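To start, the structure itself, in structure tokens.
Read the figures in this text as sums done on the coordinates, not as results from a lab. Just so we're clear, the structure is a prediction, and the values are computed from it rather than from any experiment. Heads up, the Cβs are rebuilt from the backbone with ideal geometry, glycines too, and the neighbour counts pull from every protein chain shown.
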Amino acid sequence: MSTTVTELVPGRLYALSHALELDGRLTMFGPAARGHTVANSYLFVEGARALLVDTSYSVHEAGLLAALEEVLPPGAQLELFPPRLGEFDAVCNVAPVVERFGVQVMHCAQHNGTHWVDFRPEHRGRMPPVREIIASSQYTFDLGPDRPLHAFHPVMRLLSTHWIHDPATRALFTSDTFSHTWRDAPDGPWTTDASEPALAPGEVLDRMAAARFWWLRGARTAPLREGLAETFAGRGVEILAPSYGCIVVGEDAVTAHVASLDGALALAAA
């Protein structure tokens, strides 16, 4: 399984995109979805510190470790934040990353987070101890003196998760939302910008409701629309970074994709 490294912001933010084929077996996508997508890990770098968000599936272990070896600055202290401890694509490779890179800190959405990540038989009892920091519903931590990262519970989500806003790179990690853009070809590209129109609201709704957002049709989506608008108000987001699918790059492209999702939520309640 291939892993593609994309430098989203030079030296400060990388996407490590792990190839997946849409063949009806991935629960994040409808059984009829066909084509190719990626599970994304994100590496935030600031000086001698770095933070990895999501670690992808076990089949991507070698690609993830090789990509981290490629882009981590020499001697950088790596920390982990898997926002969805109950999802395999977030946690499958936590133990290998901790072992390889000497991770000492893991930001966790629940207590005893390390108990959620050693389910692979070969990892039982092997992971070195790490310090757990519990991420509250509104959680800010500094990657550097001028690099605060703001994590929060979004109104639009599946299982308990955090979105993460990085004002320094104007990036917003959106977990399982905005994951509905994929490709026909296996080689991507895994970013999209304003030169490529966002999906129409109806298609966004069809793709989301065919899979794990099945509950959207007929739901009271007004609170979701209000929460989405509040999330983007005043944040100046120029990168949408979902756990799956194409990464949206550029302010105009972000605006278009947010409007498309808002339209999908409006149609769902109609």
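Details
- Once backbone amide H atoms are built at 1.01 Å from N, residue 108 has 133, 134, 135 as its partners under 5 Å, excluding neighbours fewer than 5 places away on the same chain.
- Gaussian network model of the chain, Cα within-10 Å springs - most flexible of 21, 238, 230: 230
- Surrounding net charge for residue 23, when Lys and Arg each add one and Asp and Glu each subtract one, Cβ distance under 15 Å: +1
- Relative contact order of region 3-269, pairs being alpha-carbon contacts under 8 Å that are 6 or more residues apart, as %: 18 percent
- Crossing angle, helix 251-269 versus the chain [Cα axis fit, 0-90 degrees, rounded to tens]: 60 degrees
- Cα centroid separation, region 231-260 to region 89-113 (Å): 27 Å
- Stretch gain in nm, segment residue 59-residue 5, where the contour uses 0.36 nm per residue and the Cα spacing is subtracted: 17.8 nm
- Potential lengthening between residue 200 and residue 168 on full extension [0.36 nm per residue; Cα-Cα distance subtracted]: 8.5 nm
- Relative to the longest principal axis of the Cα atoms of the chain, helix 222-232 runs at roughly 50 degrees.
- Residue list for region 3-17, given a label point 7 angstrom along the Cα-to-Cβ vector of residue 105 and an amide N cut-off under 19 Å: 12-14
- Value of [θ]222 nm, deg cm²/dmol, for the chain, DSSP H segments ≥ 4, -39500 (n - 2.57) each, nearest 500: -7000 deg cm²/dmol
- Our note on the geometry: Cα centres of region 24-60 and region 136-155, 21 Å apart.
- Measuring max minus min along each principal axis, the C-alpha atoms of region 3-269 give extents of 48, 40, 34 Å (largest first).
- Of the residues 260, 137, 195, the one that moves most in a GNM of the chain with alpha-carbon contacts below 10 Å is 195.
- Beta bridges by DSSP in the chain, antiparallel share as percent, to the nearest 5: 70 percent
- On the beta carbon distance between residue 27 and residue 235, with R0 = 45 Å, the FRET formula returns roughly 0.90.
- Taking the longest Cα principal axis of the chain as reference, the axis of helix 61-71 is set at about 80 degrees.
- Summing Cβ point charges (Lys, Arg +1; Asp, Glu -1) relative to the Cα centre of the chain gives a dipole of roughly 700 debye.
- Hull-based mean projected area of region 177-270, where the convex hull spans the alpha carbons, in square nanometres: 5.9 nm²
- Calculated FRET efficiency for the pair residue 140/residue 34, C-beta based, R₀ 35 Å, to 0.05: 0.30
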